[in-house]
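S.K.: The structure is given below, and queries will be raised subsequently.
Throughout, read-outs are computed from the coordinates displayed, never taken from laboratory work. Quantities reported herein were computed from a predicted structural model and do not represent experimental measurements. Quick reminder, even Gly has a Cβ in these numbers, built from the backbone with ideal geometry, and neighbours come from all protein chains shown.
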């Protein structure tokens with residue numbers, strides 16, 4: 001079966017770049033296990049990237065949110081009543097298990113988040129035992145597939161996401177041992193051990209944060225389109241290396257990295273622009289396309305400003321109703337899905353009353369034009385950033401940043417590409 005068309009459509013709107021890495025899903029029944037760092041964006045991103053349609057386990061309280069019900073149906077969601085939400089009984093839990101097993105028995109796949117909660121913590125949350133119990137009581141053989149989600153900037157519209165699939169988790173030796181506490185705990189531990197390396201989660205929060213900062217400083221592409229698989233590999237390689245440093249060396253490295261970040265912010269530059277030579281041949285190739293994109297962006301800018309109000313309101317409402325980073329993107333997506341069409345129809349109604357029904361169609365056409373022209377606006381923003389980098393190329397601090405980068409690569413040579 002193919003991917004969810006709804007997920008692909010919404011994913012292409014929200015994300016600028018979607019990428020899947022790792023081995024293909026095995027044929028037949030699969031139980032796909034993912035980390036959960038970004039609320040409802042997690043199933044959206046994964047469903048858009050998986051090579052088949054899957055059923056999704058979702059907390060039963062989501063069905064109380066009326067606007068979500070069509071999406072829950074489109075995602076073939078299976079409700080689960082969690083004890084923390086109240087109302088969970090042995091019957092409701094067994095009912096959810098039966099629905100999952102029915103899907104698996106048809107040779108289809110189910111995806112779930114074994115942490116049981118979306119969060120912004122550095123490490124994976126303690127895994128619930130449901131995934132292990134579902135696998136051990138499955139009526140048919142299945143593949144237990146770990147998958148990690150990595151975001152470029154999880155709370156920001158039009159950034160990138162990576163789905164990193166892992167190899168199936170072996171559990172044949174446990175399959176015939178029932179669901180004793182020891183067996184379930186052993187399989188849950190295997191799930192955690194297989195899932196964590198596919199993510200940017202780590203128990204040592206300090207080393208993880210510094211590893212991500214260093215990895216971003218070594219990035220070779222704009223933040224919205226950075227190679228997240230390379231970033232993930234660098235972070236995973238850096239964490240144990242940083243953990244082995246003395247506290248003094250770790251603090252000194254943090255200081256140098258933070259100084260570099262502060263300078264980049266003050267100059268408005270990306271790490272990949274520092275030291276770039278901007279050769280004449282490259283500029284000649286870039287210039288015609290950049291000129292065309294900037295001219296097109298200038299034409300798209302006035303209609304884009306018509307929709308500045310719902311854009312700002314969506315961001316304001318998301319910040320107003322949550323301070324949790326894992327929920328920001330969810331609120332922005334849901335708010336934008338309501339506010340942008342409502343605003344367009346409001347403008348259409350006003351234009352229709354004042355200038356007639358034909359002119360009333362103009363705001364709707366402009367919204368479509370802005371949506372279709374969004375990639376051009378994004379590329380034009382990158383062109384402006386490239387111009388800024390070119391103008392700053394001889395800043396007196398550039399040699400120091402280049403030397404700092406050289407020292408990082410010398411200290412961690414396996415990070416060089």
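S.K.: Compute the relative contact order of the chain as a whole-number percentage, counting only Cα pairs closer than 8 Å that sit 6 or more residues apart in sequence. Walk me through the numbers before you get to the answer.
M.R.: Values: 580 pairs, mean separation 69.9, N = 417.
It comes to 17 percent, rounded to a whole number.
S.K.: Subtract the Cα-Cα distance of residue 381 and residue 189 from 0.36 nm times their separation in residues, and report this length gain in nm to one decimal.
M.R.: Details: separation 192, 0.36 × 192 = 69.12 nm, distance 4.53 nm.
Value of the extension gain: 64.6 nm.
S.K.: Further question on the same structure: Could you order the peptides 346-354, 375-383 from most to least packed, using the average number of other C-beta atoms within 10 Å per residue? Please list the in-between numbers first.
M.R.: Details: 346-354: 14.6, 375-383: 16.8.
In descending order of packing, they fall as 375-383, 346-354.
S.K.: Per q in 0.09 1/Å, what log10 I(q)/I(0) does a Debye calculation on the alpha-carbon atoms of the chain return?
M.R.: For the requested q values the scattering log ratios are -0.68.
S.K.: Okay, moving on. Using only C-alpha positions, report the orientation-averaged shadow area of the convex hull of region 27-131, nm², one decimal. Mind dumping the intermediate values first?
M.R.: Working: hull surface 27.9 nm².
Mean orientational projected area (region 27-131, Cα hull): 7.0 nm².
S.K.: So how do 149-160, 399-410 stack up, highest first, on mean other-Cβ count within 10 Å? Please report the intermediate quantities before stating the final value.
M.R.: On the way: 149-160: 20.2, 399-410: 14.1.
Highest-to-lowest ranking by the protection proxy: 149-160, 399-410.
S.K.: So, how do all the Cα-to-Cα distances of region 83-139 break down into 10 Å bins, in percent, from 0 on up?
M.R.: Bin by bin from 0 Å, the calculated values are 20, 47, 29, 5.
S.K.: Same structure, new question: Taking the highest mean first, how do the peptides 213-219, 92-98 order by number of other beta carbon atoms within 10 angstrom per residue? Write out the running numbers ahead of the final one.
M.R.: Numbers: 213-219: 20.1, 92-98: 15.1.
Ranking the peptides 213-219, 92-98 by packing returns 213-219, 92-98.
S.K.: Modelled label-to-label distance, residue 392 and residue 256, 7 Å Cα→beta-carbon offset: nm?
M.R.: Taking the two extended label points, one gets 2.1 nm.
S.K.: If you average 1/r across every pair of different Cα atoms in region 205-269 and take the reciprocal, what Kirkwood value do you get, in Å? Write down the numbers at each step before the final one.
M.R.: Working: mean 1/r = 0.0805 Å⁻¹.
Radius from the Kirkwood sum: 12.4 Å.
S.K.: Then there's this: Please report the spacing between the Cα centers of region 41-120 and region 271-322 in Å, no decimals.
M.R.: 37
S.K.: Mind sorting 30, 20 by how few other Cβ atoms lie within 10 Å of their own Cβ, fewest first? Write out the running numbers ahead of the final one.
M.R.: On the way: 30 23, 20 18.
Fewest to most other Cβ atoms nearby, the residues stand as 20, 30.
S.K.: Can you tell which of 79, 277, 26 shows the greatest fluctuation in a Gaussian network model of the chain with Cα springs below 10 Å?
M.R.: Top of the fluctuation ranking is 277.
S.K.: Using helices alone, I'd like the mean residue ellipticity at 222 nm for the chain: each DSSP H run of four-plus residues gives -39500 (n - 2.57), total over residue count, nearest 500. It would help to have the intermediate numbers written out before the result.
M.R.: Numbers: 16 runs with 237 residues, N = 417.
-18500 deg cm²/dmol, from helical runs alone.
S.K.: What is the antiparallel percent of DSSP beta bridges lying wholly in the chain, to the nearest 5? Provide the component values of the computation, followed by the final result.
M.R.: On the way: 5 of 25 bridges.
In the chain, DSSP labels about 20 percent of beta bridges as antiparallel.
S.K.: Further question: Post the alpha-carbon centroid distance, region 128-164 to region 390-417, in whole angstrom.
M.R.: So the separation of the two Cα centres works out to 36 Å.
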